[in-house]
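Input: a single structure, listed below in structure tokens.
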Amino acid sequence: MENFDHVLVIDADGHVYEGNVDLTSRMPEKWRSQAPIRLKDNEGNSRMLLEGRLWSASQGLGPGVSGPMTEKARGYRPGMVDPVARLKDMDEEGIDVAILFGTQIALTVNGLMNKELAAVLCHAVNQWLMEYCSADFKRLLAVGLIPCQDPAAAVKELEYLKKAGAVTAMLPTNCTVSIIWATACSIRFMTALSRSACRLACIHKPATTACSASPASWARAASAFVNMSTFT
């Protein structure tokens, strides 16, 4: 194998496992009963109970991003919630820097019906992720969450992320984008974005996300935002 000692090696799609973290204490008192709960479904698969629904859906059509995976892909490493363990793994694998995305909550939060709960969860996850990355801010780079259901709350969260030191924020190219962000409501957010040094990482259209918008309207909205997939 080629020696990469003199090459900067970046994991551009690292993931944490925020769904395995108890976020209750990071949520306002009125929302703590709505904190995500990890459980197993009737088939023995690990799922998350959120807003009264299982994520991902165990059978039939439903919300989520799960699918058939190999045992290796399903594997969980302590470093996904423990930054010290992750840094050791990175040293072993020769990775200098990891750009870190959320997983279970990050890929479901913008499918929630309650926009206030979405904002609360985004902030709770972002607080935890910034604390995680504080183990070494030079090597662990955070990709934060913004509640796409509420552009005004998204502006507030983007400002928090910038101040906290995140390098970017996720904007899923799913149906929430076509319904909400293709409206004049998004102008305030885009203005705030242009004034900051933050950029959006547009990723992942969950195939099973329920959508009431037409394919054509989704395509127009998605194409409008996919060009912002850049980092600072």
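The values are calculated or read from the model by the stated rules, or taken from the named source; none is laboratory data. Fair warning: this is a prediction, and the values are worked out from it, not measured in the lab. Neighbour counts run over all protein chains shown; Cβ positions are idealised from the backbone, glycine included.
Worth a mention:
- Flag for L141 being in contact (Cβ under 8 Å) with a residue 40 or more places away in the chain, within 24 Å of S25 (Cβ to Cβ) and not hydroxyl-bearing (S, T, Y): no
- Count of the stretch 22-48 residues, restricted to those that are exposed (fewer than 12 other Cβ atoms within 10 Å of the Cβ), touching a strand residue (DSSP E or B) at 6+ places or on another chain (Cβ under 8 Å) and basic (K, R), is 1.
- Subset of the stretch 1-21 that is surrounded by fewer than 12 Cβ atoms within 10 Å (Cβ to Cβ) and acidic (D, E) - its residue that is modelled with the highest pLDDT: D5
- With respect to (1) touching a helix residue (DSSP H, G or I) at 6+ places or on another chain (Cβ under 7 Å); (2) at pLDDT below 90, the lone exception for T168 is condition (1).
- Across the stretch 81-116, the qualifying residues are those that are assigned to a loop (DSSP other than H, G, I, E, B) and over 12 Å from the mean Cα position of the chain (by Cα), and the one among them that is surrounded by the fewest Cβ atoms within 10 Å (Cβ to Cβ) is M113.
- Scan of the stretch 104-115 for residues that are farther than 23 Å from S46 by Cα and in contact (Cβ under 8 Å) with a residue 60 or more places away in the chain, ordered by number: N114
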